[in-house]
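The values are calculated or read from the model by the stated rules, or taken from the named source; none is laboratory data. Remember, it's a predicted structure, so these values are computed and weren't measured experimentally. Note that we place each Cβ from the backbone using ideal geometry, even for glycine, and neighbour counts take in every protein chain shown.
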Amino acid sequence: MSKQLDNLLRQWTQSGAGFSAEPDGMTPDLERLLLDTARHAHEMARLFIMAATWLHRYGDLIAKHRLKRLIREELEPEYRPVLGLLLDIAQQRTHPLEFQSVLKTINPAEHPRPLFSIEASNERLARRAQRKASDISRRWNLWCSQIDFKNDAIRPAHWIMRRNSGLIIRGDLRGDLRASVLASLRFDPGAGTSEVSLAEASGGSRAQVRNALDNLELTGRVRRLPNQGEKRRRTAVELARSPARSAHTNNQGLS
């Protein structure tokens, strides 16, 4: 197993997917985890199936505005259809369709082919993959059979949140632009240097991000830091201490 694939499995284990790998120990950047999964899914069918299962159950934790931006700017074109198929499978039987806004930005593979390398490497296996391909995989021109979710191999929510406390707020926000703002401040270097930079990183317009920041500042999730730019006033943004922690500290001071 390659070092990249091993690291990927460690991150998924940390996120609650059932792999026989040691948890990474740090809450992963979920959106970039999906990009890396698309890059390596052809190597391991179980990786694809487990990712789809996890997304089907916990898709609300994905910051969708930011994911669209990362797909556009960081994911190589040949892997975008793989991610499209993964998200499309994961959103089946959800209402409304969880990832539809993201999928509108992704096109199917240009030429039909098997999804997994082991089948693409052999003509007989490739024909078998085509024959058994599900309707949804045919739409993406990436042949694979019907995916059955492995729900018993996914950790329950309380396990995930206990080991990844930074995901709790994502669950509250259910993947809206505020989740993308918080994820960008945490994972994208330079995102908080100005509201303009934050809008670019999080995938929203300046007006949308400003409204999101108003709410996040109100609830104590972020702090705006006015400063002087080179020629005009700018506003930097940073993550604040968790409201719960701040409230606990304040209560101690009053006792």
Those residues of the range 78-124 which are aromatic (Phe, Trp, Tyr) and out of contact with any Leu (no Cβ under 8 Å at 6 or more places or on another chain), in sequence order = Phe116
Test result for Ser117, surrounded by fewer than 16 Cβ atoms within 10 Å (Cβ to Cβ) and touching a residue at least 60 places away in the same chain (Cβ under 8 Å) = yes
Those helices (runs of 4 or more DSSP H) completely within the range 25-124 that have 3 or more residues that are more than 25 Å from Leu198 (Cβ to Cβ) and modelled with pLDDT of 95 or more are 30-40, 45-58, 80-90, 117-120
1 or more residues loosely packed, with under 14 Cβ neighbours inside 10 Å and out of contact with any strand residue (DSSP E or B) (no Cβ under 9 Å at 6 or more places or on another chain): qualifying helices (runs of 4 or more DSSP H) within the range 155-221 = 157-163, 168-173, 206-218
Screening Thr94, Thr27 for residues that are surrounded by fewer than 20 Cβ atoms within 10 Å (Cβ to Cβ) and either hydrophobic (A, V, I, L, M, F, W, C) or under 27 Å from Pro189 (Cβ atoms) (or both) leaves only Thr27
Which residue out of Arg174, Arg155, Arg186, Arg138 is under 18 Å from Val102 (Cα atoms), of a type in the set (D, E, K, R) and either in the same structural domain as Leu225 (by TED's automatic domain parsing) or touching a residue at least 24 places away in the same chain (Cβ under 8 Å) (or both)?
-> Arg174
So which residues in the range 38-66 are buried (at least 23 other Cβ atoms within 10 Å of the Cβ) and without any contact (Cβ under 8 Å) to a residue 60 or more places away in the chain, if there are any at all?
-> Ala38, Ala51, Leu55
Residue satisfying all of: in the range 6-24; touching a residue at least 40 places away in the same chain (Cβ under 8 Å) and assigned to a helix (DSSP H, G or I); nearest to Asn141 (Cα to Cα) among these | Trp12
Say whether the condition of being more than 28 Å from Gln92 (Cα to Cα) and out of contact with any Lys or Arg (no Cβ under 9 Å at 6 or more places or on another chain) is met by at least one residue in the range 199-206.
-> yes
Quick one: which of Arg124, Arg80 is out of contact with any helix residue (DSSP H, G or I) (no Cβ under 9 Å at 6 or more places or on another chain) and assigned by TED's automatic domain parsing to the domain that holds Gln11?
-> Arg124
